[in-house]
1. Select from the stretch 46-67 the residues that are more than 26 Å from the chain's Cα centre (by Cα) and open to solvent by 40 Å² or more (accessible area, probe 1.4 Å) and list them in ascending order.
2. Restricting attention to the stretch 266-287, and to residues there that are without any contact (Cβ under 8 Å) to a residue 24 or more places away in the chain and surrounded by 18 or more Cβ atoms within 10 Å (Cβ to Cβ), which single residue is farthest from residue 237 (Cα to Cα)?
3. Just checking, which of 209, 194 is among the hydroxyl-bearing types (Ser, Thr, Tyr) and open to solvent by less than 10 Å² (accessible area, probe 1.4 Å)?
4. State the number of residues belonging to the stretch 316-372 that are among the aromatic types (Phe, Trp, Tyr) and either within 23 Å of the chain's Cα centre (by Cα) or assigned to a loop (DSSP other than H, G, I, E, B) (or both).
5. Let me confirm something: among 237, 202, 253, which residue is closer than 23 Å to residue 120 by Cβ, open to solvent by 10 Å² or more (accessible area, probe 1.4 Å) and of a type in the set (Asp, Glu)?
6. Hey, could you check the stretch 80-109 for residues that are among the aliphatic types (A, V, I, L, M) and assigned to a helix (DSSP H, G or I) and say which is farthest from the chain's Cα centre (by Cα)?
7. Taking the condition of being free of Cβ contacts under 8 Å to residues at least 40 places away in the same chain and among the aliphatic types (A, V, I, L, M), how many residues in the stretch 113-169 meet it?
8. Criterion first (among the hydrophobic types (A, V, I, L, M, F, W, C) and open to solvent by less than 10 Å² (accessible area, probe 1.4 Å)) does residue 298 satisfy it?
Amino acid sequence: MSKLRAGDEGGILHLAPVSLGSSETVEIPLRFIEIQGRPHILYAAEAPPAWISWATAARVRWRIGNQVFVGNASPVDDRSTLQQVVLPQYGRQFGVERASRWFGLHVGCLALSGATKEPSYYKQVEALFDHAAHDYDRTVESDRLNLHLRRVSSEILRDLFPPGSRVLEIGCGTGLETIPLAKAGVNVLAVDLSAKMLAELDGKARAASVDDRVVTRKGSVGELRSIVSDLAPGSFDGAFSHFGALNCEPNLDGLPATLHRLVKANGRISLGVLNRTSLAEMVRFAAGMRPRRALARLRATLPVAQSQFGVLVFPHGPGQVRRLFWPFFAAEKAIGVSVLLPPAHLGRRLLRHPELLSLLEAVDHSVARRPLFRYLGDYFLMQMVRR
C-alpha cells in the first residue's frame, strides 16, 4: 500500500462494503490514524456500530482523498498494542478527551490492509465464502429461520433423487444438502467457487464415510461448462442448485444449455433462487416507512448494503427463470420458501418467540404451494424436467 497521510481530509477515510455496479454505495466517514502503513479506525466496543458487521465479514473499500483501496478490516485484539500504541497516537491526533467522549471506556479497533486494485466479482464472492466456511454450518444450524430453508430443501431433494441416482450440485457450499443425499445412497458431483467450502465438505464426507459418493470440483456457475467438459452427455440423472449460487452469477445465459447436455432425457432439476418479490421483506420495510428498501429486490441487482450475502447479488423472479430455461427444460412446479416467515437476516427478534415461530412455520408450509403465494417467498424452488 502506498504511503497515506492521516492528515488528509482532516484524518477522515470513507469506508464502504465492496459491491459492483451498485448505485447506492454506502460510505461511512471515519477518523483514522496510520500505524506501519495501515489505517486504524476506532469504535465504541460496548455498543458496536452497524457497519462493524459488514466490515469484518467481507472485503471493504475505503477512500482517502483521491486514493481508493480495497482489502480487509481486521480486529486489533492485542490489548497491549491497543493501549500502548493505538490509543496514545489517536489521542495525540484528535485529543484524549474527544476520543473518550466518542468511544467511552471500552474501545474496539480495526486495522485496514489492502491494495488499490479491486478484485473481480468472482474473487469477491470466493473471498466472502472462504471467510465464512469454517463457521458456516454452525451459523446455519443455530438459526431456526435458516434451518427452515434447509428442511424444505431436503424434503424436495429426497423426493426428487432416489438412491443410486447420480446428481450434479451447483453451489454446494459445505454440503448441507450434499451429505444427506450421499447418506441416502445418491452419488453427487458437487461444484462450488470457494475452495474452503469444498474443503469443509470433503472433510464431512470422509467423517460420514460417504466420500466414495461425493466428488468435488472448484469453479463458478459461469465456468460450469469447462469444469465438466470431460463428462459425456447425459452423465447425470438430475441436477440442483439451492439458495443463492445462481444469484451470485452475473450471467446465467449459458447454464440451461449446459445442464441440458449433462442431464439425461426426462431428468429433473431443482433451482432454489433468491426471489425478486419477498412478501415478508416487502411488508416489513413498508411498515417501517422504507418504501425504497421494500422494493429493492425489484431491481436487477441488489447492493451489498441491502443483500444478506455480503456481496452484490442478482435476484430473479419465477417468470424470468422459466423463460430462461424453457427451450431446454419445462417447468413442473414451484414452491415458495419463507413466504410469511421473514428472511433469516431480518428475523432475529422472532427467534425469541418459539411458539409464534412454530405457528408461522406451519402456516408458511400450508401456503407454500398455493397459487400466488408460491411466487412470494424469500426464495422459490422451481422443479423442471428436461425436454
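The values are calculated or read from the model by the stated rules, or taken from the named source; none is laboratory data. As the structure is a prediction and not an experimental result, all values here were calculated from the model. All Cβ positions, glycine included, derive from the backbone under ideal geometry; neighbour counts span all protein chains shown. Ligands, DNA and RNA are stripped out before the accessible areas are found, and what is left, the full protein with its side chains, is counted by its heavy atoms. Shrake-Rupley method; radii C 1.70, N 1.55, O 1.52, S 1.80 Å.
1. 46, 66, 67
2. Among them, the one singled out is 285.
3. That would be 194, the only listed residue that is among the hydroxyl-bearing types (Ser, Thr, Tyr) and open to solvent by less than 10 Å² (accessible area, probe 1.4 Å).
4. So the answer is 2.
5. 253
6. 96
7. So the count comes out to 2.
8. So residue 298 does not fit the description; no.
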